[in-house]
Every structure is written in structure tokens, then in C-alpha cells.
Amino acid sequence: MPKETPSCPYSSLQLDLPNEDIILPLLKNRLSLLSADTDSRLLSGITRGIEKESLRVTPEGKLAHTPHPQALGSALTHPQITTDYSEALLEFITPPSSNADDVLQTLENIHRYTYRQIGDELLWANSMPCQLSGDSDIPVGQYGHSNVGQMKSIYRVGLGHRYGRLMQTIAGIHYNFSVPDKLWQLLQAQESPQQSLQDFKTENYFSLIRNFRRHFWLLLYLFGASPGVCRSFVRGRGHHLQPFGSDEHSLYMPNATSLRMGDLGYQSKAQEQLVVCYNDLKSYVETLRQALVKPYPDYKTMGLKDSNGNYQQLSPHLLQIENEFYSTIRPKRVTHSGETPLWALWERGVEYIEVRCVDLNPFQPLGIDREQMDFLDTFLLTSLLSKSPPTDDQEYHNILENQHRMVYQGRNPELMLRDGQDERSVLEWGRTLFEAMAPVAELLDSHHQSNRYSTMLTTLAKRLDNPELTPSARILKEMSDTGQTYFNVAMNHAKQHRDHFLSTELPKDIAEQYQEMATQSLQQQQQVESEDQQPFDQFLADYYKQYDFPL
């Protein structure tokens with residue numbers, strides 16, 4: 001099958017001006033509007049939530065083969081504790097909140113409760129796993145025998161067949177972000193009173209996404225924390241990594257930032273031909289839907305079921321479901337039971353965005369701290385308030401190239417990135433972005449009656465000129481200073497985190513709250529299973545019929 005040239009609808013558009021010359025005028029106007037509305041303190045209503053993944057490992061650091069602990073409830077129905085790909089890959093979900101400290105406290109409570117239910121196991125502190133024996137050693141997540149539970153498991157079986165199970169043990173943090181309707185109403189009244197509020201929100205969330213994609217390389221530089229891997233992770237795979245000195249067990253790249261975001265992480269050769277367009281909702285839905293409804297030759301050859309009639313994948317299409325698309329950011333909408341995310345977006349518009357390129361920080365017990373959350377809020381708000389021209393083919397390819405360069409060479413002070421038809425210094429571009437964020441940080445400080453956002457920017461800006469301050473550099477320095485392998489350094493952090501979470505008693509009311517959530521979730525799973533009457537084949541066929549809607 002000949003490979004088609006990826007294309008976005010604005011393929012003939014040429015963006016000759018440097019990004020900041022386009023972006024800054026609208027940013028200044030919107031900042032003035034928000035600054036004049038000091039009484040409402042709209043920006044204190046920013047809502048965020050965290051989804052944090054962590055592998056359960058044995059005291060020896062090997063992947064746990066124990067089933068998802070019953071004391072944690074049902075992975076299918078628990079609102080805050082579930083699993084991702086593997087039975088051993090826990091995922092903790094905080095409810096959305098306009099109080100960033102509350103989000104972190106909820107994440108802390110989940111960790112403390114979980115550690116009291118998993119015996120002598122630990123939660124791996126790094127994004128990249130270690131001590132893996134191969135695909136057969138990685139158990140797929142189990143969600144019971146309901147139709148929706150079977151669908152979740154079969155989807156993961158399909159991922160294993162398509163990409164291998166090793167890739168599915170990589171952990172990260174997803175950051176969900178939205179701004180309050182009162183802010184949207186203020187901007188809409190000034191800029192587009194003829195539009196519906198939801199259409200205005202959707203249009204501007206896509207603007208945020210385009211600006212984010214142009215500049216997310218800065219997040220990889222500042223917060224990337226996977227500069228190396230255990231040799232077991234790349235066994236039998238092609239790679240360009242180097243041995244870490246005389247260490248036979250660790251591989252790395254000297255200036256790498258986030259190998260998780262490179263071709264050893266959540267990447268797919270099959271998806272390279274897939275170009276999902278973010279210029280507007282229709283383009284996004286149209287381009288993503290193509291991958292969900294058209295058969296892909298290799299997956300068609302694999303077959304839907306094996307010789308025994310067991311499902312090997314949900315479909316022979318390039319994507320089984322939307323989640324299989326490995327994007328750095330997604331437009332999101334809360335779905336109804338059984339509803340496809342794509343239909344929910346098309347029908348009701350964008351509700352929030354999900355950032356998906358954040359490594360676990362092994363120097364933080366929660367994998368993230370308030371300073372990083374404050375930066376993400378500032379970065380995302382700047383992306384939202386700034387002008388965001390449509391993306392053309394040139395920029396689409398530049399984004400992918402910049403991601404690759406940042407992953408493998410990010411801390412090289414001489415690194416250049418692609419910007420339009422030209423090359424641009426990472427340091428110069430990074431300073432420009434920090435300058436653009438400064439007035440947004442000041443406005444956030446005003447709305448929160450603090451100086452924490454401006455202080456945060458000043459602190460993190462130092463990492464541009466001092467790459468040794470970044471988490472990726474600190475990990476390599478710790479390996480060098482201690483003479484320990486990547487695995488041993490990671491194990492030390494995991495043990496320190498366990499000690500942190502077990503060092504103080506979990507308040508009785510919090511423990512009871514999570515015990516009750518676990519009990520209720522198990523009961524909810526039983527109810528879902530008892531109410532299922534439809535054969536799974538028909539359930540799956542009906543699910544895919546939802547992608548057949550007019551645009």
C-alpha cells in the first residue's frame with residue numbers, strides 16, 4: 001500500500017512571521033481585558049486534574065504479577081484508582097478542582113491509602129520501567145466479564161499485538177485543564193458576540209492546542225525525566241543509545257530529556273502516516289475518524305480473532321479507539337456511558353484539554369509538585385490567550401522534528417529547532433516564551449493575591465542557562481556521583497517515596513472514605529455485569545456504528 005503524504009487542510013498557508021510577532025498582540029489585548037476585571041478574579045477559577053500512572057513492582061524491583069488488589073476496588077468503576085495498560089500499571093485520578101493544593105492533597109491521600117493495601121510492593125518512581133523479561137512477563141489489565149470490561153481488556157490485548165507490551169509499561173502524568181465559563185463569556189462578549197458560547201470555547205481550545213503543539217518542546221526540556229533506560233527495555237530492538245560509562249545495565253543519551261516521548265516510548269510506525277488536523281473541530285474529527293473506520297493492511301492481516309475465536313483486537317483499523325492515537329495533547333469532553341469520545345466532541349464541543357507529555361519526576365513523591373502545576377497553568381493560559389494561526393504541512397512536520405531533537409539532544413546548548421523555514425536557538429526561543437508568560441504570571445498572581453507564579457517563572461527560567469538543574473540532568477548526575485545503575489537509582493527513589501507515604505498515619509476519615517469507594521466500586525461492577533444482556537459481538541458492532549455520523 002503506497003504511503004500517502006500527510007496533509008492538513010491549510011497546506012498552502014505560509015507563516016513567514018516569527019511566532020511571537022503573530023501571537024503577542026492578541027495576548028496583550030486579552031490580558032488588558034482580564035486585568036480590568038480584577039473584582040471577579042476569574043483566573044482563580046482555572047480547573048485542573050491529574051491522572052498519574054505508576055507501576056507496581058516487587059521488593060526486588062521486578063514487575064508485580066499479583067492481580068489488582070481487591071482493597072483498591074474495581075479497576076472498571078472506581079472513580080480515583082484504576083489501571084492503565086497492565087494489571088500492574090496503577091492509574092490515580094484526581095477529581096477536577098480549582099484549588100491546585102487540593103489536587104495534590106487528593107493525590108497524596110490516594111498514594112497513602114494505596115501503599116497500605118499493596119503489602120511489600122512499591123510504586124515505581126520513574127516513567128521508564130526496568131527489570132522486564134519480555135512481553136510474556138507483562139499481564140494485561142482485567143476488568144471483569146461485562147461488555148465494557150471485555151472491551152477494555154481486548155483493546156489492551158490489541159495494543160500488545162500491534163506495538164508490543166513493553167511500550168505499554170511506560171508511565172506518565174496527564175494534566176487536565178479548563179478555564180471557567182465566566183472567563184469565556186468575558187472574551188466572547190468582546191470578540192465574538194454572534195457565536196454560541198460553546199462554539200467560541202471549542203474554537204479557542206483548539207487555538208490553545210495549536211500553540212501548545214508549537215511550543216511543548218519547552219516542557220520536555222524543563223521537566224523531562226527519562227534520559228536513560230535499563231538495557232532490558234530495548235532488548236531485541238534497534239536504538240541509538242549509549243552505555244553509561246562502564247555500566248553494562250544502563251543506556252542513555254548525554255543530552256536526552258524524555259526518552260519516553262521519543263521513538264522508544266509511545267510512538268508507532270503505523271501512525272506515522274496519520275495526520276490529525278487541529279485547525280478546527282471539524283478537521284480534527286474528520287481526520288481522526290478516518291483512522292477509526294478504515295482497515296489498516298497489517299492489522300487486517302492479523303485478523304480480528306485467533307483460531308480459537310478469541311478477540312486479538314477490537315478492530316482491524318489503524319486505531320481501535322481514540323485513546324490509541326499517541327498525541328501530546330487532546331481536546332476532551334466528558335462522555336456518557338457507552339458513548340465514543342469523538343461523537344461527544346462533535347455533538348457538544350470541547351470541555352477541557354488533556355496534556356499527555358509529562359514524565360514522572362522521581363525527585364517528587366507524587367511525580368509532580370505545585371511549582372510544575374503552576375508552570376503548566378501559566379503555559380496553557382498563555383497558549384489560550386495568544387493568537388494561534390492555523391497549522392500548515394510545514395509546521396506539522398517541524399513539530400515532529402522539534403520533538404525528536406528535544407528528546408535526544410535537548411540539553412545541548414547549541415541545539416537549534418525548526419521555526420517556519422528557518423532554524424532557531426532553543427535558548428533564544430525559550431527566553432522569548434518565558435517573556436510572553438511573564439505578564440500572564442503577573443495576572444495570575446493578581447487573581448490569586450500572591451507572587452508564586454512570577455517567582456516560579458524566575459526559578460524555572462534558570463534551567464535554560466543551567467541545564468544541569470533539569471530533572472533529566474539530575475538523574476544522570478546522581479548515577480555518576482553514586483556509581484549506581486539507572487535501575488538502582490530508580491529503586492532508591494521508589495523506596496524513599498514508600499517511606500514518605502508510610503511515615504505518617506492516614507487520617508481515619510480518609511481511610512474510611514477510600515474503603516467505602518472501593519466497596520461501592522466492586523458493587524457497581526457486579527451491577528454492570530448483572531445487567532448486561534447483549535452479546536459482546538453485537539455490543540462492539542453497535543459501538544462502532546457511532547462513528548457513522550455526518551459532518
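The values are calculated or read from the model by the stated rules, or taken from the named source; none is laboratory data. In this text, all values refer to a predicted model and were calculated from it rather than measured experimentally. FYI the Cβ positions are ideal-geometry reconstructions off the backbone, even for glycines, and counts take in every protein chain you see. Heavy atoms of the whole protein, side chains included, go into the accessibility calculation; ligands, DNA and RNA do not. Shrake-Rupley method; radii C 1.70, N 1.55, O 1.52, S 1.80 Å.
Number of residues in region 51-104 that are among the polar types (S, T, N, Q) and at pLDDT below 95 equals 1. Within region 496-510, residues that are over 13 Å from Tyr115 (Cα atoms) reach partners that are outside any loop (DSSP other than H, G, I, E, B) and basic (Lys, Arg) with beta carbons closer than 8 Å, at six or more positions or on different chains, in the pairs Ile510/Arg112.
Filtered by the rule that a residue be hydroxyl-bearing (Ser, Thr, Tyr) and in a loop (DSSP other than H, G, I, E, B), region 206-250 gives a lone residue, Ser246.
Scanning region 446-466 for residues that are farther than 14 Å from Arg370 by Cα, surrounded by fewer than 21 Cβ atoms within 10 Å (Cβ to Cβ) and either hydrophobic (A, V, I, L, M, F, W, C) or modelled with pLDDT of 95 or more (or both) yields Thr458, Ala461, Lys462, Arg463, Asp465, Asn466. Only residues that are β-branched (Val, Ile, Thr) and either assigned to a loop (DSSP other than H, G, I, E, B) or surrounded by fewer than 22 Cβ atoms within 10 Å (Cβ to Cβ) (or both) were counted in region 359-414, giving 3.
Of the helices (runs of 4 or more DSSP H) that lie entirely inside region 468-551, those containing 2 or more residues that are open to solvent by less than 20 Å² (accessible area, probe 1.4 Å) span 471-482, 486-502, 508-531. For Gln290, are the conditions met, namely being crowded, with 19+ Cβ neighbours inside 10 Å and more than 24 Å from Leu476 (Cα to Cα)? Considered against the rule, which asks whether it is crowded, with 19+ Cβ neighbours inside 10 Å and more than 24 Å from Leu476 (Cα to Cα), Gln290 comes out as no.
Only a single item in (1) of a type outside the set (Lys, Arg); (2) touching a Pro at 6+ places or on another chain (Cβ under 7 Å); (3) surrounded by fewer than 19 Cβ atoms within 10 Å (Cβ to Cβ) is not met by His161, and it is number (2). Within region 155-188, the set of residues being among the hydroxyl-bearing types (Ser, Thr, Tyr) and within 27 Å of Gly303 (Cβ to Cβ) comprises Tyr155, Tyr163, Thr169. Residues in region 236-245: is at least one touching a Lys or Arg at 6+ places or on another chain (Cβ under 7 Å) and open to solvent by 10 Å² or more (accessible area, probe 1.4 Å)? Within region 236-245, none of the residues are touching a Lys or Arg at 6+ places or on another chain (Cβ under 7 Å) and open to solvent by 10 Å² or more (accessible area, probe 1.4 Å). Scoring Glu203 on the criteria (1) at pLDDT 95 or above; (2) open to solvent by 30 Å² or more (accessible area, probe 1.4 Å); (3) within 30 Å of Gly349 (Cβ to Cβ); (4) not in a helix (DSSP H, G or I) leaves a single failure, condition (4).
The residue that is farthest from Leu360 (Cα to Cα), counting only those in region 79-103 that are part of a strand (DSSP E or B) and of a type in the set (Gly, Ala, Ser), is Ser97.
Could you check, for region 415-428, whether at least one of its residues is within 30 Å of Leu33 (Cβ to Cβ), surrounded by fewer than 14 Cβ atoms within 10 Å (Cβ to Cβ), without any contact (Cβ under 8 Å) to a residue 24 or more places away in the chain and among the charged types (D, E, K, R)? Yes, that holds for at least one residue. For Leu166, state whether it is crowded, with 21+ Cβ neighbours inside 10 Å, in contact (Cβ under 8 Å) with a residue 40 or more places away in the chain and closer than 26 Å to Pro96 by Cα. No. Scanning region 163-191 for residues that are in contact with an Asp or Glu (Cβ under 8 Å, 6 or more places away or on another chain) and either charged (D, E, K, R) or more than 30 Å from Glu324 (Cβ to Cβ) (or both) yields Arg165, Leu186.
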